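The values are calculated or read from the model by the stated rules, or taken from the named source; none is laboratory data. As the structure is a computational prediction, the values presented were derived from the model and not from experiment. All Cβ positions, even for glycine, are placed from backbone atoms using ideal geometry, and neighbour counts span all protein chains on display. In case anyone asks, the SASA skips ligands and DNA or RNA and just uses the protein heavy atoms, side chains included. Shrake-Rupley method; radii C 1.70, N 1.55, O 1.52, S 1.80 Å.
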Amino acid sequence: MTRTLIESHVRTATIGFDQPFCVIGERINPTGRKQLATELEAGNFETVERDAREQVASGATVLDVNAGVVYNSNPNPNETEPPLMRKLINLVQTCVDVPLCIDSSVPAALEAGLEVCNGRPLLNSVTGEEDRLESILPLVRKYNVPVVAISNDDSGISEDPDVRFAVARKIVERAADHGIPAQDIVVDPLVMPVGAMATAGLQVFELVRRLRTELGVNTTCGASNISFGLPNREAINAAFLPMAIASGMTSAIMNPVRPQVMNAVRAANLLSDNDRNGSNWIRHNAPMAAEGTAAGARRGRQGRRRRAA
């Protein structure tokens with residue numbers, strides 16, 4: 001059974017087909033968060049600290065850390081991202097003890113994070129582009145860490161699921177050439193917005209099944225991409241994730257602070273027998289369970305009284 005191990009100095013998160021779904025908290029990322037980007041550029045890390053603690057309290061087992069701030073004073077990410085990544089990784093490690101996912105498109109920033117990160121982080125990411133393969137896979141091998149493999153290459157992101165599967169296979173094979181086992185490759189098959197492509201969900205479910213059966217790899221995705229541009233995105237995400245889990249998806253980069261989405265994941269874990277004795281579900285839903293039991297008992301007593309009369 002394929003198992004991908006991600007570690008902090010005290011905790012291990014296991015991504016696997018027989019494991020609870022791995023929730024990778026997405027919020028420490030300035031992309032699309034103008035206020036956070038402004039704070040980071042000013043050296044203000046209060047939101048990062050708050051988001052780190054809140055995501056773990058909400059159920060994240062891994063935290064994604066992205067330092068992609070575009071500085072007005074110096075817009076060169078090769079210069080600005082590595083030192084900021086070091087600061088963020090060091091800071092988050094003082095706030096929480098869960099494993100981390102180091103997220104950047106800048107190889108120097110990835111290595112900067114690897115140099116200061118405790119344990120065995122997940123690296124995000126490598127693609128099928130030749131320059132990325134040649135720059136990222138040696139880092140993965142050098143630091144002995146797992147890596148997210150995104151299914152696009154030099155030709156861009158294909159709308160054809162067969163092409164995306166072929167890119168994933170290529171990355172797995174090239175990783176093997178570097179001595180990196182398939183268990184350390186977590187493939188992101190790329191989730192398209194269903195508002196722009198009606199078959200986006202169906203494509204991902206089929207890709208996840210193929211990646212599991214044919215390549216034997218774990219999978220992840222940016223879960224909120226599926227609902228981009230649509231109203232009531234939380235409801236769509238909450239439906240998408242259990243369907244993806246049923247297809248074999250084993251992790252997602254997502255927002256754990258959304259209760260509806262997290263409860264959908266917990267329910268999927270329960271129904272797929274990856275929540276031993278239902279303990280996690282009961283722990284997070286005990287007040288509702290107790291209310292339901294009390295209401296049922298009242299209805300039962302009332303029914304008995306009516307029958308007796």
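Quick notes
- Extreme residue, farthest from SER251 (Cα to Cα), among residues of segment 25-53 that are more than 20 Å from the chain's Cα centre (by Cα) and touching a residue at least 24 places away in the same chain (Cβ under 8 Å): GLU41
- Residues of segment 188-207 satisfying the condition of being surrounded by fewer than 22 Cβ atoms within 10 Å (Cβ to Cβ) and of a type in the set (Val, Ile, Thr): VAL194, THR199
- Of the residues in segment 262-276, at least one is modelled with pLDDT under 95 and open to solvent by 50 Å² or more (accessible area, probe 1.4 Å).
- Only listed residue being outside any helix (DSSP H, G or I) and open to solvent by less than 60 Å² (accessible area, probe 1.4 Å), chosen from VAL92, VAL70, VAL65: VAL65
- Of all residues in segment 250-263, those that are within 24 Å of ILE150 (Cβ to Cβ) have Cβ atoms under 6 Å from Cβ atoms of residues that are assigned to a loop (DSSP other than H, G, I, E, B) and open to solvent by less than 10 Å² (accessible area, probe 1.4 Å), 6 or more apart or on another chain, in SER251/THR220; ALA252/THR220; ALA252/CYS221; PRO256/ALA60.
- Selection within segment 213-261 - under 17 Å from the mean Cα position of the chain (by Cα), more than 19 Å from MET192 (Cα to Cα) and open to solvent by 20 Å² or more (accessible area, probe 1.4 Å): VAL257, ARG258, PRO259, GLN260
- Those residues of segment 120-141 which are over 21 Å from THR61 (Cα atoms), in contact with a helix residue (DSSP H, G or I) (Cβ under 8 Å, 6 or more places away or on another chain) and not in a helix (DSSP H, G or I), in sequence order: VAL126, THR127, GLY128
- Residue ID - farthest from GLY222 (Cα to Cα), chosen from residues in segment 101-157 that are touching a strand residue (DSSP E or B) at 6+ places or on another chain (Cβ under 9 Å) and of a type in the set (Ser, Thr, Tyr): TYR143
A quick yes/no check of all residues on (1) surrounded by 22 or more Cβ atoms within 10 Å (Cβ to Cβ); (2) part of a strand (DSSP E or B):
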| residue | (1), (2) |
| --- | --- |
| ALA149 | yes, yes |
| ARG164 | yes, no |
| ARG169 | no, no |
| ALA175 | yes, no |
| VAL186 | yes, yes |
